[in-house]
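Shown next, in structure tokens, is the structure this report addresses.
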Amino acid sequence: MSIDKSTQIEKDLGVTGEEAEELIHEFSKSFNVDISNFMFSKYFNDEPHLLFNGMDKKPLTVGHLEKAIAIGKLNDTVINS
């Protein structure tokens, strides 16, 4: 699998639930990105084995994370800009 800016963290890479929270927290520490206004529940399901597959979740991509590094924060404004 090739990873590029459009690769979705949950859908394409299968990162969800506690692993997603851990990933975003480590991302925040490693790249000094403020995640205080990032709403995990908008972008990630709780766990993959639950009934609902989260079709209503918004995609979070590698490109969004790159943008967050450049701006220094990850939130809806950064993701939607």
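The values are calculated or read from the model by the stated rules, or taken from the named source; none is laboratory data. Because the structure is a prediction, the values reported are computed rather than measured. Cβ: placed from backbone, ideal geometry, glycine included. Neighbour counts: every protein chain shown.
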- Looking at residue 28, is it in contact (Cβ under 8 Å) with a residue 40 or more places away in the chain and among the hydroxyl-bearing types (Ser, Thr, Tyr)? yes
- Item | residue 14 vs. criteria surrounded by fewer than 12 Cβ atoms within 10 Å (Cβ to Cβ) and not aromatic (Phe, Trp, Tyr) | yes
- Query: Only one of (1) at pLDDT 95 or above; (2) in contact with a Phe, Trp or Tyr (Cβ under 8 Å, 6 or more places away or on another chain); (3) assigned to a loop (DSSP other than H, G, I, E, B) fails for residue 5. Which number is that?
  - Reply: (2)
- Message: Please go through the stretch 1-36 and give me each residue that is out of contact with any Leu (no Cβ under 9 Å at 6 or more places or on another chain), of a type in the set (S, T, N, Q) and over 19 Å from residue 58 (Cα atoms), ordered by number.
- Response: 2, 30, 32
- Message: I'd like the residue in the stretch 37-49 that is in a loop (DSSP other than H, G, I, E, B) and of a type outside the set (Phe, Trp, Tyr) and, out of all such residues, is nearest to residue 78 (Cα to Cα).
- Response: 37
- Residue that is farthest from residue 75 (Cα to Cα), among those in the stretch 8-36 that are in a loop (DSSP other than H, G, I, E, B) and among the aliphatic types (A, V, I, L, M): 13
- Message: Name the single residue that is modelled with the lowest pLDDT among those in the stretch 41-75 being touching a helix residue (DSSP H, G or I) at 6+ places or on another chain (Cβ under 6 Å) and of a type in the set (A, V, I, L, M, F, W, C).
- Response: 44
